[in-house]
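Nothing in this text is a laboratory measurement; each read-out follows from the coordinates by a stated rule. Keep in mind it's a predicted model, so treat the numbers as computed, not measured. FYI the Cβ positions are ideal-geometry reconstructions off the backbone, even for glycines, and counts take in every protein chain you see.
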Amino acid sequence: MTASPAGRASSAPLMGRDAEPTLFEISVPGRHAYQLRTTDVPARPLAELVPTAHLAEAPVAIAEVSERDLVGHVTRLSHRQFSVDLGMYPLGSCTMKYNPKFCDAVAADPGLASVHPAAPAALTQGWLEVLVDLEERLCAITGMAAATLQPAAGAAGELTGLLLMRAYHESRGDVRRRVIIPDSAHGTNPASVTLGGYEVTTVPSNDRGLVDLEALRGVLGPDVAGIMLTNPNTLGLFEEEIVEIAAAVHEVGGLLYYDGANLNAILGVVRPGDMGFDIVHMNLHKTFATPHGGGGPGAGPVAVAAHLADFLPGPRAVREGAGFTWATPPRSIGRVHGWHGNALVLARALAYIHVHGAEGLTRVAQHAVLNANWLRRRLAAILPAAHDRMCMHECTLRATPLKDAYGVRALDVAKALLEEGFHAPTVYFPLIVDEALMFEPTETESPQTLEALAQAIERIAVRAATDPEGLHRAPQTTPVARVDEARAARHLVATADAPRP
Amino acid sequence: MADYLPHTPEEVATMLALVGVDSLEGLYAHVPSAVRLAGGLDLPAGVSEPDAAALVAGYGARNGARASELVCFAGAGAYDHEVPPVVRALAGRSEFVTAYTPYQPEVAQGVLQAIFEYQTLVARLAGLPIANASLYDGATALVEALNMAHGATGRSRMLVSSGVHPHWRAVARTFAAGTGHEVVEVPLVGGRTDWSGLDPEGVAAVVVAYPNYLGVLEDPAEAKALAESVGALLVVAGDPVAAGVLRSAGSWGADVFVGEGQPFGTALSFGGPYLGLFACAEDQVRRLPGRIVGETLDTEGRRAYVTTLRAREQDIRREKATSNVCTNQTLMAVTAAIQLGWLGTAGLREVATRCAQGAHYLFDELVGLEGVTPVTTEPFFREFALRLRRPAREVIARLAQEGILAGVALEALVGPGDRSIDAPEDVLLVAVTERRTRAEIDHYVAAMRGALQ
């Protein structure tokens, strides 16, 4: 469809090839970088201020480097790191879309970034307004009544949601024991269920990759607290029987929990509240483009239907007259964060929503789904889809033909893609798909970039036929080759001070 | 309407043709019409970045407590430390900012090595051999420590000093509803934990804050003795800046160290994103929550880093995982490593010392005022609590008019019935960092004198 594929993060070596010494290895006693204010505060010896029984005999060894050496060290580390800004990052289920610099600039505004979290409400009206504005918008997007912005990430949102579920049932004198999870769910779901004090009941998927409604009915009962569902699910497929699922769960008095990992697919098209969900968490670092930070910070607000609003964590920012104040819901489950949540992440998400508005967010979803479906069709001859029909924002493909013909596995394809200048897709997830490669291109990648990815996979398929051994050794042009994970686990070296094997 | 989509209308049409539908809406034909949203989202229309900039600038301008308006003497776990341009520039590099969890170590050595350096620094500050790759914040790090203690002992009773930050205790109570842990909040008497008269049965963890949230340097040896006598883990919640000069948690016999890492390079940020510090003893490593980075070799024998001991984690172990943590606070951990590199051994010591010097100077001046009495005579480090003859929130409002954020009103920090302090409405918690000058402190004292007259 396009004559000239887009640029990509490809060169040999792909990025910084030479090992970088650690901060401790470049340290030279007596060197330093820090500069502090002149304060004129009387410089009394520490031993006069604090009983010596509390003082360490020697200062903690940090490192001793010049500012220039620190800059060189960290910059070289950054050159050994792939990122969204560098190239396409189609890591399924993670929504690695472009993170607008504008939103970073909003978060850097000293009017927001310099504010102490315990300053009184009268002196933080702007921040409370940010929280209220965001909560109202997230509720409009999800079709819910109220939300907490405290959870710091998706998994924190899940656990918060489960505690809300528990508080709701207990308030009705209702003791329930189990939470149902599809076999395609993210691992955080069952882990959160355990921490929420419930047992996991797994419900299988049917041959269409969707929750098996009959099997679900078979495991439902009066001891079921609820179900956790991702929709579209982790295969990238929309749960078409959601209305029936919701009715069945509500029938036994259970609640529906919406895992918002895949919310990007449905913005402005269908809302969790309208599907019958009672509790919804969102991953602002996915859907609302706040940067993933190498593994956080994220933000995992939880929105609820009206009958659960009284249980939300507190305090919450609320409107009061023409201004804003804090209020704790009457039957609140309590705090789930040390302060008010990952506030600067929340501010970024609000800025993203301001820019997009209703129509812009809908276009985001539509183009995410368009890109995923185009990629699914474009790659069908090499990597067939696990379920060959319309997908949502991501497509789960299989490397089974390459494995059967040449012994080349999904992992080999993923590693070879790194050589080609692309981040790998998610591999071997969902667990129910053989040789799974889950691609989530996101809406911000151009058709030219998608075509470049497709051509890279075509080259890998040719290599699979001609040089499968070479693919087992991939990647070779990256800062390091495949790493010995077993060795790392067998003899843990988690600090520079640990004894080496 | 604005967005960041690259597609031209012609490209959309070509792509739709390959997919086999004739419109973008057609991509959703299989979504039941009964649940589809008619009429679009009820949100304002989108605006361009320059237009949105005007909108969002108003938020910051309406925060009276921003640094350009008020000089910060508030602490309570969030401190106004120097973050130099070099740290902001390095930590803001988009390679770190726009990557995700290092699932592909061959192209993530930058983040992995930075985390490894961070783990090394946290372990040294804690005086313990192992640190993880970060947790959400200090409060949730405490919760993970309690879960670890439950795993280690099979018991569920948690003795938590009321000197632990009130919000952290509140978070521990919230999550105990799910785990079934019994969180026993041990009272403070005169600013110190009263460990006497506790039922030692079934105790999994003894938690002490060092210094405690009132600033007091308690003797962790008492908590250690109690933990040892009942076979429980000792968890020390520490101030990481103070840890630069104080005896380490490990040297007091802690099994787990938790802390709030915000002071290392992260702005006050209205409370987040912050950084949960977590370190532990060697024998607890298989129960560690979240990610941990280990050193290893690649197939060509070169040093390399990778996330390890993965069999503990939620994506492998599912409902039997040690924690549900996935996304954590990596960027803040990387930032902390860079900030500590900038400070170095001498700088951290200097910052900690100056905090203590400033705090003691201000304390001595304030307790000389009429209407001010110290809450306790116990030793403190960089923060202290004062009982005022007027309500603390009124004093804070008054000093704000003089350009000072006077501290944190305990009334706003502690919940009802808190066993750490009586009559919290009269108590002001004051913190001093290395950024506060003598002139600022003297101005504070003069303003306080006026406010109490």
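Return the ratio Rg/(2.2 N^0.38 Å) for region B:87-337, where Rg is computed over Cα atoms only. The partial results should precede the final answer.
Details: Rg = 17.8 Å, N = 251, 2.2 N^0.38 = 18.0 Å.
So region B:87-337 has a normalised radius of gyration of 0.99.
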key: Whole-Å semi-axes of region B:382-429's equivalent ellipsoid (Cα gyration tensor)   = 19, 11, 9
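What does the charge dipole of chain A about its Cα centre add up to, to the nearest 20 debye, if the Cβ of each Lys and Arg holds +1 and the Cβ of each Asp and Glu holds -1?
Values: 41 positive and 54 negative charges, 111 e Å.
About 540 debye.
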ask   = For chain B, with only Lys/Arg (+1) and Asp/Glu (-1) charged at the beta-carbon, what is the dipole magnitude about the Cα centre, in debye rounded to 20?
value = 560 debye
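Can you say what percent of the DSSP beta bridges in region B:87-337, counting only those with both residues inside, are antiparallel? Round to 5.
Numbers: 15 of 34 bridges.
About 45 percent, rounded to the nearest 5.
Could you calculate the contour length gain from A:ALA247 to A:GLN455, that is, 0.36 nm times the residue separation minus the distance between their Cα atoms, to one decimal place in nm?
Numbers: separation 208, 0.36 × 208 = 74.88 nm, distance 4.52 nm.
Extra length available between A:ALA247 and A:GLN455 comes to 70.4 nm.
Evaluate peptide B:200-213: per residue, the Cβ atoms of other protein chains within 10 Å of its Cβ; return the mean as an integer. Please report the intermediate quantities before stating the final value.
Working: counts 0, 0, 0, 0, 0, 0, 0, 0, 0, 0, 1, 2, 0, 0.
Going residue by residue through B:200-213 and averaging, the value is 0.
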task = Tell me which residues come under 5 Å, amide H to amide H, from A:VAL41 once H is placed; ignore anything under 5 positions away on its chain.
result = B:ARG438
key: C-alpha center-to-center spacing [region A:305-343, region B:156-194] in angstrom   = 22 Å
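Give the average, rounded to an integer, of partner chain Cβ atoms located within 10 angstrom of each Cβ in B:23-31. Walk me through the intermediate numbers first.
Values: counts 1, 8, 3, 2, 13, 10, 1, 6, 13.
Rounded to a whole number, the mean comes out at 6.
If each residue's Cβ is checked for other Cβ atoms within 10 Å, how do B:TYR118, B:TYR28 rank with the fewest at the top?
B:TYR28, B:TYR118
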query = With +1 on each Lys and Arg Cβ and -1 on each Asp and Glu Cβ, how big is the dipole of the protein assembly as shown about its Cα centre, in debye rounded to the nearest 20?
reply = 800 debye
request  = Nearest 5 is fine: what % of DSSP beta bridges in the protein assembly as shown come out antiparallel, could you say?
outcome  = 55 percent
task = Within the set of other residues whose C-beta is less than 11 Å from the C-beta of A:PRO297, count the net charge using Lys and Arg as +1 and Asp and Glu as -1.
result = 0
task = Please state, rounded to one decimal and in Å, the Kirkwood hydrodynamic radius that region B:1-127 gives when every pair of distinct Cα atoms enters the mean of 1/r.
result = 21.4 Å
ask   = Can you give the percent of C-alpha pairs in the protein assembly as shown whose distance is more than 42 Å?
value = 32 percent
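For every other residue with a beta carbon closer than 15 angstrom to the beta carbon of B:ALA172, add +1 if it is Lys or Arg and -1 if Asp or Glu, then tell me the sum. Don't jump to the answer; show the numbers that get you there.
Details: positive: A:ARG335, B:ARG157, B:ARG169, B:ARG173, B:ARG419; negative: B:ASP137, B:GLU144, B:GLU182, B:GLU185, B:GLU260, B:ASP418.
Charge balance in the 15 Å sphere: -1.
For region A:20-128, rounded, prolate or oblate, judged on the Cα gyration tensor with a ≥ b ≥ c (square roots of eigenvalues), a/c < 1.5 rounded, else prolate if a/b > b/c? List each step's numbers first, then the result.
Numbers: a/c = 2.53, a/b = 1.26, b/c = 2.00.
Verdict is oblate for region A:20-128.
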ask   = What is the helix-to-structure angle for B:49-61, meaning the angle in degrees between its Cα long axis and the longest Cα principal axis of chain B, kept from 0 to 90 and rounded to the nearest 10?
value = 10 degrees
ask   = Which whole-number percent gives the relative contact order of chain B, counting Cα pairs below 8 Å spaced six or more residues apart?
value = 20 percent
task = Please label the shape of chain A as rounded, prolate or oblate, based on the square roots a ≥ b ≥ c of the eigenvalues of the alpha-carbon gyration tensor (a/c under 1.5 means rounded; beyond that, a/b larger than b/c means prolate, else oblate).
result = oblate
query = Where the centroid of each part is defined by its Cα atoms, how far is region A:352-385 from region B:69-121 in Å?
reply = 32 Å
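Fewest to most neighbouring Cβ within 10 Å: what's the order for B:PHE381, A:PHE24?
Working: B:PHE381 25, A:PHE24 19.
The order, fewest Cβ neighbours first, is A:PHE24, B:PHE381.
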inquiry  = Return the Rg/Rh ratio of region A:142-323 with Cα-based radii and a Kirkwood Rh.
reply    = 0.95
task = Search the structure for amide H atoms under 5 Å from the amide H of B:ALA67, placed 1.01 Å from N in the peptide plane, and list their residues when 5 or more places away or on another chain.
result = A:SER114
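What is the local net charge at B:VAL143, summed over the other residues whose Cβ is closer than 15 Å to its Cβ (Lys, Arg +1; Asp, Glu -1)?
Numbers: positive: A:ARG335, B:ARG169, B:ARG173, B:ARG287; negative: A:GLU158, B:ASP137, B:GLU144, B:GLU182, B:GLU185, B:GLU260.
Net charge around B:VAL143: -2.
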remark   = Farthest towards the positive end of the dipole of region A:142-323, among A:GLY300, A:LEU263, A:PRO315 and with Cβ unit charges of +1 on Lys and Arg and -1 on Asp and Glu, lies the Cα of A:PRO315
message = Can you give me the long-range amide H partners of A:ARG80? Hydrogens built in the peptide plane at 1.01 Å from N, cutoff under 5 Å, separation of 5 or more residues or another chain.
response = A:GLY16, B:GLY110
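How compact is chain B by the rule of thumb for globular proteins, expressed as Cα Rg over 2.2 N^0.38 Å? Walk me through the numbers before you get to the answer.
Numbers: Rg = 25.0 Å, N = 453, 2.2 N^0.38 = 22.5 Å.
Computed over Cα atoms of chain B, the ratio equals 1.11.
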key: Overall Cα dimensions of region A:447-501 - principal axes, largest extent first, Å   = 47, 28, 16
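Sort B:SER68, B:SER251, A:SER78, A:SER192 by Cβ crowding within 10 Å, fewest neighbours at the top. Write down the numbers at each step before the final one.
Numbers: B:SER68 10, B:SER251 14, A:SER78 22, A:SER192 34.
If I rank by nearby Cβ atoms, fewest first, I get B:SER68, B:SER251, A:SER78, A:SER192.
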task = Indicate, rounded to the nearest 5 percent, the antiparallel portion of the DSSP beta bridges found entirely in chain A.
result = 55 percent
key: Gyration tensor (Cα) of region A:329-462, equivalent ellipsoid semi-axes in angstrom   = 35, 19, 14
note = Checked against the positive end of the charge dipole of the protein assembly as shown (+1 on Cβ of Lys and Arg, -1 on Cβ of Asp and Glu, about the Cα centre), the farthest of B:VAL372, B:VAL236, B:ILE421 is B:VAL236
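Using only alpha carbon pairs under 8 Å that are at least six residues apart, calculate the relative contact order of chain A and give it in whole percent. If you can, show how the numbers build up before the last one.
Details: 932 pairs, mean separation 103.4, N = 501.
Value for chain A: 21 percent.
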query = If you take the charge dipole of the protein assembly as shown about its Cα centre, with +1 on Lys and Arg Cβ and -1 on Asp and Glu Cβ, which of A:LEU284, A:HIS423, B:GLY127 is farthest toward its positive end?
reply = B:GLY127
task = Relative to the longest principal axis of the C-alpha atoms of chain B, give the angle of the C-alpha long axis of helix B:166-179, reported between 0 and 90° and rounded to the nearest 10°.
result = 60 degrees
message = Largest first and in whole Å, what are the equivalent-ellipsoid semi-axes of region B:327-453 based on the Cα gyration tensor, each being the root of 5 times an eigenvalue?
response = 29, 19, 14
task = Report ³J(HN,Hα) in whole Hz for each residue of region B:379-394, in order, from the Karplus equation J = 6.51 cos²θ - 1.76 cosθ + 1.60 where θ = phi - 60°; Gly and Pro get x.
result = x, 10, 10, 10, 8, 8, 10, 10, 9, 10, 7, 10, x, 4, 5, 5
task = Determine the shape class of region A:288-365: with a ≥ b ≥ c the square roots of the Cα gyration tensor eigenvalues, call it rounded for a/c under 1.5, and otherwise prolate if a/b is greater than b/c, oblate otherwise.
result = prolate
